[in-house]
1. So, of the residues in segment 101-117 that are without any contact (Cβ under 8 Å) to a residue 12 or more places away in the chain and part of a helix (DSSP H, G or I), which turns out to be surrounded by the most Cβ atoms within 10 Å (Cβ to Cβ)?
2. Would you confirm, using the coordinates I've provided, whether residue 66 is in contact (Cβ under 8 Å) with a residue 40 or more places away in the chain, hydrophobic (A, V, I, L, M, F, W, C) and over 22 Å from residue 1 (Cβ atoms)?
3. State all residues of segment 73-100 that are loosely packed, with under 11 Cβ neighbours inside 10 Å and either touching a residue at least 60 places away in the same chain (Cβ under 8 Å) or within 14 Å of residue 51 (Cβ to Cβ) (or both); if no residue qualifies, say none.
4. When the residues of segment 1-27 are narrowed to those that are surrounded by 11 or more Cβ atoms within 10 Å (Cβ to Cβ) and acidic (Asp, Glu), which ends up nearest to the chain's Cα centre (by Cα)?
5. Of the residues that sit in segment 28-60 and are assigned to a helix (DSSP H, G or I) and surrounded by fewer than 13 Cβ atoms within 10 Å (Cβ to Cβ), which one is nearest to the chain's Cα centre (by Cα)?
6. Quick one: is residue 25 β-branched (Val, Ile, Thr), in a helix (DSSP H, G or I) and either at pLDDT below 95 or touching a Ser or Thr at 6+ places or on another chain (Cβ under 8 Å) (or both)?
Amino acid sequence: MRYLDIAEVVQRADVPASTLRFYETKGLIASVGRHGLRRLFDPSVLERLALIALGRAAGFSLDEVAHMLAPDGKLRIDRQMLVSKADELDKTIRKLSIMRDGLRHAAVCPAPSHMECPTFRRILQVAASGAMATRGKRAPQPPAH
């Protein structure tokens with residue numbers, strides 16, 4: 001079997017060597033030995049790094065990702081944790097969509113000033129009330145005018 005040296009993993013996974021060393025100390029990946037001073041990795045580390053990247057992109061902490069990656073290389077993914085993260089992402093998407101729509105409205109609003117625009121004032125009230133960071137509630141949608 002041909003092992004990958006750390007430079008190859010850095011290049012192929014597009015992850016800095018410092019990140020690989022950090023992941024190794026956290027137990028997320030493991031080197032299989034050394035060639036001189038350079039760490040060697042099993043080629044399967046690339047798939048493991050892709051899983052870590054996917055987990056991080058989805059918003060999981062490294063500790064949560066570590067819990068999903070068993071030391072034997074198998075996955076032990078809690079499906080309820082995936083559902084909870086998907087629900088959290090839905091809430092974030094809703095919040096960002098409301099913010100995007102409000103900004104687009106403010107950019108084209110025909111009112112002489114934004115403070116004279118009823119829709120903009122309503123968006124301000126919603127933001128001031130903390131509703132932009134709601135837990136699944138919908139903020140008022142700007143009406144067309």
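The values are calculated or read from the model by the stated rules, or taken from the named source; none is laboratory data. Keep in mind the model is a prediction, meaning the values are calculated, not measured. Don't worry about glycine lacking a Cβ; one is built from the backbone with ideal geometry, like all the others, and counts go over all protein chains shown.
1. Among residues in segment 101-117 that are without any contact (Cβ under 8 Å) to a residue 12 or more places away in the chain and part of a helix (DSSP H, G or I), the one surrounded by the most Cβ atoms within 10 Å (Cβ to Cβ) is 114.
2. Details: in contact (Cβ under 8 Å) with a residue 40 or more places away in the chain: yes; hydrophobic (A, V, I, L, M, F, W, C): yes; over 22 Å from residue 1 (Cβ atoms): yes.
Yes.
3. Matches in segment 73-100: 74, 75, 76.
4. In this case the residue turns out to be 24.
5. Taking segment 28-60 as the starting set, the residues that turn out to be assigned to a helix (DSSP H, G or I) are 45-57.
Cutting the leftovers down to surrounded by fewer than 13 Cβ atoms within 10 Å (Cβ to Cβ) gives us 47, 50, 54, 57.
Details: 47: 18, 50: 13, 54: 8, 57: 3 Å.
Looking at residues that are assigned to a helix (DSSP H, G or I) and surrounded by fewer than 13 Cβ atoms within 10 Å (Cβ to Cβ), I get 57.
6. Working: β-branched (Val, Ile, Thr): yes; in a helix (DSSP H, G or I): yes; either at pLDDT below 95 or touching a Ser or Thr at 6+ places or on another chain (Cβ under 8 Å) (or both): yes.
So residue 25 fits the description; yes.
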